[in-house]
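S.K.: Take a look at this one; I'll ask things after.
Values in this text are rule-based calculations from the coordinates and carry no lab data. Not measured: the values here are computed from a predicted model. Every residue, glycine among them, receives a Cβ derived from its backbone with ideal geometry; neighbour counts consider all protein chains shown.
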Amino acid sequence: MALFTVERTTDLPPDEAWRRLTAWERHTATVPLTRIEVLTPPPSGAGTVFVARTGLGPLSFADPMRVEEWQPPGADGRGHCRLVKTGRVVLGWAELSVRPSPTTPGTHVRWREDLRVRGLPDPLFARPTTLTARPLFTRALTTLLTTPA
């Protein structure tokens, strides 16, 4: 299990940070060689299914995901989303959350993920997977929050 967390604070209000974070197609611009296809009609919510396809030609794989929990920011500014990876190659889950920043105006955003690759033994590959994935997801989160949609 490659469990990692990426956190950022942004000047955006919670509802805008949430919108940018959960506009699944926008993730295409943040992860190299990856495109996102949403398979269910809008709006997003529990049950939304989308696929991240990563790679070039025959050297690619699909990472299908399903939204299991969907709680957009309410009056308290807190929002939470849980995704479950349902594919044959990439396994695990991700939790995305927003809440008002306790120290500055704006929003604290948290991306927590358990990322596993089928067939790779966790004890041997968890650390290299984390060391590879954390910078990639840090870049993705930063880009999502700083690029207007």
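S.K.: Starting from the Cα of residue 40, step 7 Å along the direction of its Cβ; do the same at residue 132; then give the gap between the two resulting points in nm.
M.R.: Using points 7 Å along Cα→Cβ, the separation is 3.0 nm.
S.K.: Now for a separate question. State the Cα centre-to-centre distance between region 72-149 and region 18-33 in whole Å.
M.R.: 12
S.K.: While we're looking at this one, here's another question. Full-extension gain between residue 68 and residue 84, please, as 0.36 nm times their residue separation minus the C-alpha to C-alpha distance.
M.R.: On the way: separation 16, 0.36 × 16 = 5.76 nm, distance 0.66 nm.
Value of the extension gain: 5.1 nm.
S.K.: Nearest 10 degrees is fine. How inclined is helix 122-146 to the longest principal axis of the chain, computing both from alpha carbons?
M.R.: 40
S.K.: Spelling out what I want: for every residue of region 38-52, take phi, set θ = phi - 60°, compute 6.51 cos²θ - 1.76 cosθ + 1.60 (Karplus), and round to whole Hz; glycine and proline get x.
M.R.: 8, 9, 10, x, x, x, 5, x, 4, x, 4, 10, 9, 10, 9
S.K.: Right, here's the next one. Using the Karplus curve 6.51 cos²θ - 1.76 cosθ + 1.60 with θ = phi - 60°, what ³J(HN,Hα) values do you get for each residue of region 103-108, in whole Hz, with x for Gly and Pro?
M.R.: Whole-Hz 3J(HN,Hα) from phi for region 103-108: 10, 9, x, x, 9, 9.
S.K.: Run lengths n ≥ 4 of DSSP H only: what is the helix-derived mean residue ellipticity at 222 nm for the chain, with -39500 (n - 2.57) per run over all residues, to the nearest 500?
M.R.: Roughly -7500 deg cm²/dmol at 222 nm, from the helical runs in the chain.
S.K.: Another question, if that's okay. How high is the relative contact order of the chain, in percent, with contacts defined as C-alpha pairs under 8 Å that are six or more residues apart?
M.R.: About 30 percent, as a whole number.
S.K.: With only Lys, Arg, Asp and Glu charged, each at its Cβ (+1 for the first two, -1 for the last two), find how big the charge dipole of the chain is about the Cα centre; round to the nearest 20 debye.
M.R.: 360
S.K.: Next up: At residue 143 and residue 75, where each label point lies 7 Å from the Cα along Cα→Cβ, what is the point-to-point distance in nanometres?
M.R.: 3.9
S.K.: At 0.36 nm per residue, minus the direct Cα-Cα distance, what do residue 49 and residue 122 gain on full extension? Give it in nm, one decimal, please.
M.R.: 23.6 nm
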